[in-house]
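The values are calculated or read from the model by the stated rules, or taken from the named source; none is laboratory data. Computed from a predicted structure; not experimentally measured. Every residue, glycine as well, gets a Cβ built from its backbone with ideal geometry; the counts of neighbours run over all protein chains shown. Note: accessible area is taken over every heavy atom of the protein model, side chains too, but ligands, DNA and RNA are not part of it. Shrake-Rupley method; radii C 1.70, N 1.55, O 1.52, S 1.80 Å.
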Amino acid sequence: MGYETILFKAENGVATITLNRPEKLNAFNDQMIGETTAAFKQSGRDKEIRCVVLTGNGRAFSSGQDLADVMARGGTFSIGDHLRHGYHKLIKQMIRLEKPIIGAINGIAAGAGCGIALATDIRIAADSASFMLAFSKVGLVPDSGTNWLLPRLIGQARAYEMAVTADKIPAEKALAWGMINRVVPAAQLMEVVAAWSEPFATGPTLAYGLTKRAMNHAWNTDLFDALEYEAYLQEIAGRSHDNKEGIAAFLEKRSATFKGE
Ligand code: LHQ
């Protein structure tokens, strides 16, 4: 599929989606929201792809919604519908993708860009990156899932502070707060991300995907229900090739060759 606002590469089981509007710090217009959603969908359908990396071209990850695009639409524009038909589809696509998504956060992630960064599963940030709930600077409420995701990661006190101050939170602080998994020197970001994505691309993809489903399900339920759901998913994982192969490899004292199924 040909894309114009993103770069898409699939190699050795890893798809890399690069937001590619660097002159606007990778601000999202409708086309980029649609193409990013389509690239995640394509990654979900392709059995060869077992891990997805999301990053940005240039000095930013994403500055969020393209504000010039919003202005150009004038007064009849419905932000609610824009969210429902755009960002919501993208975020749902990411959450439902049963393969690990690594966010390679190369620079600032602001507004909806912060929401999209938080919807990745493993977040590795350059030491030059930062996170900003820019919404209040333009008189808006946080969106793109940030009200749900951020308080769960860093607690409501810090999340609300981020929302009302719109302060830039540097990568090191984001790490200390539990928002991200690692901070690495900017020049080494993609090398470190490759060291994470390569084993994911040869790992037990079915188990990784069901784990994502189990943890997302567990946010919205009680312990007894979570226990039952774990048993249901483990029944599926327990019938997989990779479970049999993993046990055999352990007993034979060799490394496992997973097929991802
Ligand atoms: C941009 C943008 C941008 C357009 C930089 N748009 N051009 C959802 C639904 C509907 C409506 C509204 O919103 C939402 C959700 C949201 O995402 S709301 C939040 C939207 N984002 C923001 O408010 C962030 C706006 N950007 C900034 O505050 C700064 O650009 C940051 C702090 C990200 C970076 O600052 P600097 O490093 O100083 O860069 P810069 O401001 O000089 O930007 C570089 C260029 O990128 C510049 O263009 P120019 O032609 O002057 O070189 C900016 O206009 C353009 N740009 N963000 N979101």
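From the list Ala218, Ala176, Ala195, the lone residue that is within 23 Å of the chain's Cα centre (by Cα), within 29 Å of Arg45 (Cβ to Cβ), free of Cβ contacts under 8 Å to residues at least 40 places away in the same chain and exposed (fewer than 14 other Cβ atoms within 10 Å of the Cβ) is Ala195.
Per this entry, Phe131 is not counted among residues that are of a type in the set (Phe, Trp, Tyr), in contact with a strand residue (DSSP E or B) (Cβ under 6 Å, 6 or more places away or on another chain) and open to solvent by 10 Å² or more (accessible area, probe 1.4 Å). Please specify each residue of segment 204-215 satisfying the condition of being open to solvent by 50 Å² or more (accessible area, probe 1.4 Å) and among the hydrophobic types (A, V, I, L, M, F, W, C). Within segment 204-215, Leu206, Met215 meet the criteria.
Would you check if Asp66 is of a type in the set (Asp, Glu), away from the ligand (no atom under 13 Å from the Cβ), closer than 27 Å to Met190 by Cβ and crowded, with 20+ Cβ neighbours inside 10 Å? So Asp66 fails the test.
The residue pairs whose first member lies in segment 23-49 and is within 16 Å of the ligand (Cβ to nearest atom), whose second member is open to solvent by 80 Å² or more (accessible area, probe 1.4 Å), and whose beta carbons are closer than 8 Å, counting only pairs six or more residues apart or on different chains, are Leu25/Arg59; Ala27/Leu67; Gln31/Glu4; Ile33/Lys89; Thr37/Lys89. Checking Ala194, Ala174, Ala186 one by one, the residue that is assigned by the TED database to the domain that holds Ala15, closer than 20 Å to Arg123 by Cα and touching a Phe, Trp or Tyr at 6+ places or on another chain (Cβ under 7 Å) is Ala174 and no other. Meeting the requirement of 3 or more residues that are closer than 28 Å to Asn57 by Cβ, the helices (runs of 4 or more DSSP H) wholly within segment 130-237 are 146-154, 171-176, 189-201, 205-218. Only a single criterion out of (1) within 16 Å of the ligand (Cβ to nearest atom); (2) open to solvent by 10 Å² or more (accessible area, probe 1.4 Å); (3) modelled with pLDDT of 95 or more is not satisfied by Ile105, namely (2). Here Tyr3 clears all of (1) more than 10 Å from the ligand (Cβ to nearest atom); (2) aromatic (Phe, Trp, Tyr); (3) not in a loop (DSSP other than H, G, I, E, B) except the condition numbered (3). Report yes if Leu97 is over 26 Å from Pro170 (Cβ atoms) and more than 16 Å from the ligand (Cβ to nearest atom), otherwise no. In short, yes.
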